1. Quick check on my link table: of K632/K731; K117/K238; K667/K731, which ones sit more than 23 Å apart, alpha carbon to alpha carbon?
2. Sorted by average packing, counted as other Cβ atoms within 10 angstrom per residue and highest first, what order do 427-433, 321-327, 65-71 take?
3. How far apart, in nm, are two points set 7 Å out from the Cα along the Cα-to-Cβ line at Q462 and at I419?
4. If K731, K24, K738, K331 are ordered by their accessible area, calculated over protein heavy atoms with a 1.4 Å probe, which sequence runs from highest to lowest?
5. With a sphere of radius 14 Å drawn around the Cβ of I245, what net charge do the other residues whose Cβ falls strictly inside it have (Lys, Arg +1; Asp, Glu -1)?
6. Find the relative contact order for the stretch 354-468 and round it to a whole percent, using C-alpha pairs within less than 8 Å whose residues are 6+ positions apart.
7. Please list R48, R381 from largest to smallest accessible area, probe radius 1.4 Å, with all protein chains kept in place.
8. If I model a spin label at A505 and R146 as a point 7 Å from the Cα along the Cα→Cβ vector, what separation in nanometres do I get?
Amino acid sequence: MPMTTPQSTPQLSSLGKLASIRTKFVVFFSMILILTSSALSWYFIEVRRVSMTENLNQLGTILLTSVVNNGQFRYGGLIAEDRATLQQFVESLMAIDDVVYVVVRGADHIILAQQNKIVRESLGSVTFTQERRFYPDEVIAEELYREPTSTPRITPVALSQSKILVPDGGTSNPIWILSSLTDKLYDFAMPVLRKPATDPSLSPLLLEMEERIQSRKSAAPYLVQGVVQIGITDARVKRALFEMIRNVLILTTLLISAGILGAHFLTLRITTPLRRLAAVARQLTEGESPAHIPATTTDEVGQLTQTFNAMTAALRERGAAISSNLETIRKQITQLTAVHQTSAAITSTLDLHELMDTVLQLLRSNLGFSRMALMLRDEDRDVGYIAQVAGVSDEIAEAARFLSIPIKDDDTILADLFIHAKPILARDVNMVAHRINPTTLELMRRVNVQSFVCVPLQSHTQTLGFIAGDRGVLPCSEEDLHILMTIASHVATAIDNARTYANLAQLTQHLEQRIQERTLELSQANQQLQEHDRRRTMFVSVASHELRTPMTAIRSFADNMADGVAGVLSDRQKTYLDRIGYNLNRLTRIINQLLDWSRLDLKKEILRLEPLCLNQSATRVVESLRTVAAEKNVDIRVESPEHPPMIYADRDKLEQILWNLIGNAVKFTPSGGQITVELEALPDGMMQTCVRDTGCGIPPDQLHRVFDEFSKVPSTMPTSQGAQLGLFITKSFITMHKGHIWVESALGSGSRFYFTLPCTAPDSVPGQTSPQIVSPGTTIDAD
């Protein structure tokens, strides 16, 4: 008995899978067939059911409208209330199998004629039944009396839960049994309408009866002469429908069975050849030579069999080809392994000499080259030089290192390698000796080179050099050329990276030296700038203080002369003294601004914060400047809320801010002008001050420069301009208080200077950066 090999397990499982294909196909086809047949059957039954229901409704409508529109029924029976005539119509309707009851009501809602078929109602048990007559609900008729319509009203009626009327043929009288199926009873009701106008064709008796009826009814477009109700059951329709369903189910079952049987035979026709193909595939897997499989059919399965036979033949041929190429593949694997080792060694170092020596030694040991050489290009001299050799004596290596060959575009191997980047395979040195440099040819003959290969080293479309090798007495082949071409790009990239790294190291060293030199120069220049700044600040401070002494003496002598100490003055002398006093005041303000600017520049200004009343400070400054303003016939006033909030500010700095802004307004406001100082408390906890004048104004293109130090803003009153430091100092003081200042102005329309100061301590002002200590009297540095 043969033992089961590990290969037989997947084969057996594959057979199981092939056997399961038939089952899956049959099940899938059966499901589709069942679903399709069921859907078509359901659709056919539903269409027939809807058609039968519509026919039933049409029957009830025709019966009802034919009775209501019958003249004898209307006039001879209903209006005349002739019960015998009405009973004849009722009995004629009851003769129809589907009619269960007929009820005729008169104009006064009284039943004039009715007839019902006896029904037998089941009480939920096969032993207990009862017979009764079914009457329609009066609500349907009453609705038609209230809201008459000219068309029949169809109302489904539930006799009892889950029961229908089925005619019992066992008795002479029609007895209807309420079965347990879910059938329906439809009530067809329609009023008998007549217009109130008198019809002259009617007899006097009928007219008199109609007048009595109209006297009992209210005036309306139509008069309801009565209501006719006909009850029709759908039991016969349901029985016919059930019979049709049974026939459809039988036919559907037969079709499905036939389809499943056909699918079974069809799958057998497909799976039997597949089993044969599986057996052949198993033989191929086990290494056997399978026999030819005959194609029994011409369909897709037969084509697959023919294709499989062709495949087995091709596999035999390819097996032979694979066996012949295994040796070649093993050899190529060895070469690729050598290439991989060489590439790994290339990426392990950035030293150029170590890199070249490692590459040549690896290629000699792994690829079987006897001797190898690496020549590089010197870009400055445009010559080629031997950078590294391997497999030669020290004497030859020393002689090769001094070899330098000019690169020219001539018909030499060197030109093909360096200029045209062409690989060279020389199977015999003697055949290409005329294309080799004589010095190089002499060295090659000394080491007995018979044939060689040369491959250019290219990186970024630039030829860096070439690598060459030979196999001693053995000739070089195309395979040697290809393997060197494969590794040449890696070698070229490594050489390029090593050169770049060396250049980068040299450049880094040069940059570090230059950075040290520039750092020393910048340090010396910074020291000089600091010394110049210190001397400038000292000069401004000393000059400002030294100018005060002669100014004080000049002011004293001028005041004495103005007081008449030196005698009576003429009008011209008084004018000159007034000008001297005006320019002395102007010079004093300039000196004070220079001193303030010097302290701000050195960051020596401090704030002594305390709660202040801005209204009082503004009033004091206005009163101090009122005399100067009165001389120019300029009106100054302060507008403030009745109880303005306190602000936290330095008293002196605040008064200087107000003095600068209001003083500027006085200087630049012509005679007859007006200056208004407006105070307003803002919702964000800030106090806003606006100094508004009717002066010459500021050009719009100069507004951004008014707060710069030493800014020369053009003005229509140049004699009123000073050192151009007042607004800069004002802005600096306001910024120290965590406030903000801005200006709005138009040329010839005056100016409005706004600034804000906090109403609370600076550390609680929303959105502001505050100092750590803000209590009254606390000092804060300007920075």
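The values are calculated or read from the model by the stated rules, or taken from the named source; none is laboratory data. Source: prediction; values computed, not measured. Ideal geometry is used to build each Cβ from the backbone, glycine not excepted, and the neighbour counts take in all protein chains shown. Just the protein is used for accessible areas: all its heavy atoms, side chains included, with ligands, DNA and RNA removed. Shrake-Rupley method; radii C 1.70, N 1.55, O 1.52, S 1.80 Å.
1. Going by Cα-Cα distance, K632/K731 fall outside the 23 Å limit.
2. Packing proxy ranking, top to bottom: 65-71, 427-433, 321-327.
3. Going from the Q462 label point to the I419 one covers 2.0 nm.
4. Descending accessible area places them as K24, K331, K731, K738.
5. With Lys, Arg at +1 and Asp, Glu at -1, the net is +3.
6. 24 percent
7. R381, R48
8. For A505 paired with R146, the spin-label model returns 11.0 nm.
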